[in-house]
1. Just checking: which of the helices (runs of 4 or more DSSP H) contained wholly in segment 144-235 hold 1 or more residues that are over 23 Å from SER52 (Cα atoms), modelled with pLDDT under 85 and out of contact with any strand residue (DSSP E or B) (no Cβ under 9 Å at 6 or more places or on another chain)?
2. Quick test of your reading of the structure: PRO57 fulfils all but one of (1) free of Cβ contacts under 8 Å to residues at least 12 places away in the same chain; (2) within 23 Å of ILE233 (Cβ to Cβ); (3) of a type outside the set (A, V, I, L, M); (4) part of a helix (DSSP H, G or I). Name the failing condition by number.
3. Within 23 Å of the chain's Cα centre (by Cα) and either at positive phi or assigned by TED's automatic domain parsing to the domain that holds GLY40 (or both) - does that describe any residue in segment 343-355?
4. Just a yes or no: is a residue in segment 336-352 touching a residue at least 60 places away in the same chain (Cβ under 8 Å), out of contact with any Phe, Trp or Tyr (no Cβ under 8 Å at 6 or more places or on another chain), part of a helix (DSSP H, G or I) and surrounded by 21 or more Cβ atoms within 10 Å (Cβ to Cβ)?
5. Can LYS358 be described as assigned to a helix (DSSP H, G or I), at pLDDT below 90 and surrounded by fewer than 18 Cβ atoms within 10 Å (Cβ to Cβ)?
6. Is it the case, given these coordinates, that SER45 is of a type in the set (S, T, N, Q), part of a helix (DSSP H, G or I) and surrounded by fewer than 20 Cβ atoms within 10 Å (Cβ to Cβ)?
7. Look at GLU257 and say whether it is closer than 29 Å to PHE119 by Cα, without any contact (Cβ under 8 Å) to a residue 60 or more places away in the chain and part of a helix (DSSP H, G or I).
8. Taking ILE383 as the residue in question, decide whether it is buried (at least 18 other Cβ atoms within 10 Å of the Cβ) and β-branched (Val, Ile, Thr).
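The values are calculated or read from the model by the stated rules, or taken from the named source; none is laboratory data. Everything numeric here is computed off the predicted structure, so don't read it as measured data. Don't worry about glycine lacking a Cβ; one is built from the backbone with ideal geometry, like all the others, and counts go over all protein chains shown.
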Amino acid sequence: MLKWLKLRKSGFWGGFIILIRTLGGLGMQKFVAILYGPAGTTLLSHFQNLISLFNQPIQDTVVQGFINAYPKDSFSKNKLMATAIGFTILIFLSTLFLLWILKAFPTDLFNFSSQNWGFILMAILFLCLQGIASAVLIAKQKLKLLGVLQLLQWIIIFTFLFILSGGIEETLQYYLYIQGMFTFIFIGVLYRDLLTFLPLSFTQDKEILNHFKQFLWMALAVWISSKWVDFFIREYAINLFGSTETGYWQSIVRISEAYRALFVSFLFLTFYPVISRLYHKSRDKMKVHFRKQVKILGFFTALFFILVFVFRAPIITMLYSSEYLQATPLFKFQILGDILAFASFPFALMLMVSVQTKKYILCELLSAFIFIIYIFAGNSIGIEILVYAHILRFVFYFTLVVFFTRKNWSFA
């Protein structure tokens, strides 16, 4: 009974954390939309994408790897923490080097001074290290504390943004600096917990290194197919269609990303653990459960998207402003692609459960490649090409994940 109550409590606070992140992100979009319009939305999206180029592979490799490894008694906690910090710094520097080699720093979009760029990079590094502190809280099942800290962080962000006036570039800097500085609040709150990892041992442990490496390959696939593709396609769209038109497109993309992220988080909390357990215990029971859950998810997905389609104009107005209603025609095509994305995700998780890493990476990279090629081939169509490419991308992605997992869900 106590174990059941503990799981229910963890589920509640896990959901609370997801809700805070989603509402905070949407609130930031609304704030920028009202003050700076579609061009501001474009700059916010690109700035957040720049941050995620550094942060996302660290979240998927270091944070997930740390949470997974922490309960294992065979791993030295001192070496585990040292390896997590080492991987974080290595990924950060590798991303920085890649941006420099590709000459991809968006200095043409943001008029930041060299000093400002230095502060921005430092804040991003602190934010990446904050991920390790979050991983400690999750590993120790202190989700309530993590939820409270994240709520406090967003309250401070919006308080400062309302008090401090300035242009979009000042707003973006405040938004990042507050998050970076908040890392020190995490460290202060976690002071006693972090002491248990001292002294850090940077002696290489092959078993711990291999543990993190298994998370690295999938993380790199998502990093390339999602964050880097988004980064370059947005720059391409800005150059081709202008920042205002791109802002209209980005407004519906951010709505799309928000509900897709919620759906994936829901699947990881409910669907993934059960399928993973059944995969190792009874394949036939897993197939029955999978097919049943997919039908249930399909019903609620259809209901959800009918509501989104019917109320797409009020949704845009509520989350942005009436100025963004010009994005409504794009939204209906984005929804078609999102329906396919929702249909794909359970099968993609099945690839993870069955540890078909190479096939998972192939699905991510090939669908991203098709997305890029279609945009370049049909750019004369106009801004609509971006949502058409989104549909085509998930047509291929859905086809691939269903095909590769057919033995895991079919009795044929």
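1. Working: elements: 168-189, 191-195, 206-222.
In segment 144-235, 191-195, 206-222 are the helices (runs of 4 or more DSSP H) which contain 1 or more residues that are over 23 Å from SER52 (Cα atoms), modelled with pLDDT under 85 and out of contact with any strand residue (DSSP E or B) (no Cβ under 9 Å at 6 or more places or on another chain).
2. (1)
3. First pass over segment 343-355, keeping only residues within 23 Å of the chain's Cα centre (by Cα): 343-355.
Now restrict to residues that are either at positive phi or assigned by TED's automatic domain parsing to the domain that holds GLY40 (or both): 355.
Yes, there is a match, as at least one residue in segment 343-355 is within 23 Å of the chain's Cα centre (by Cα) and either at positive phi or assigned by TED's automatic domain parsing to the domain that holds GLY40 (or both).
4. no
5. Numbers: assigned to a helix (DSSP H, G or I): yes; at pLDDT below 90: yes; surrounded by fewer than 18 Cβ atoms within 10 Å (Cβ to Cβ): yes.
When the stated conditions are applied, LYS358 passes them.
6. Working: of a type in the set (S, T, N, Q): yes; part of a helix (DSSP H, G or I): yes; surrounded by fewer than 20 Cβ atoms within 10 Å (Cβ to Cβ): no.
Criteria not met by SER45.
7. Numbers: closer than 29 Å to PHE119 by Cα: yes; without any contact (Cβ under 8 Å) to a residue 60 or more places away in the chain: yes; part of a helix (DSSP H, G or I): yes.
Yes.
8. Criteria met by ILE383.
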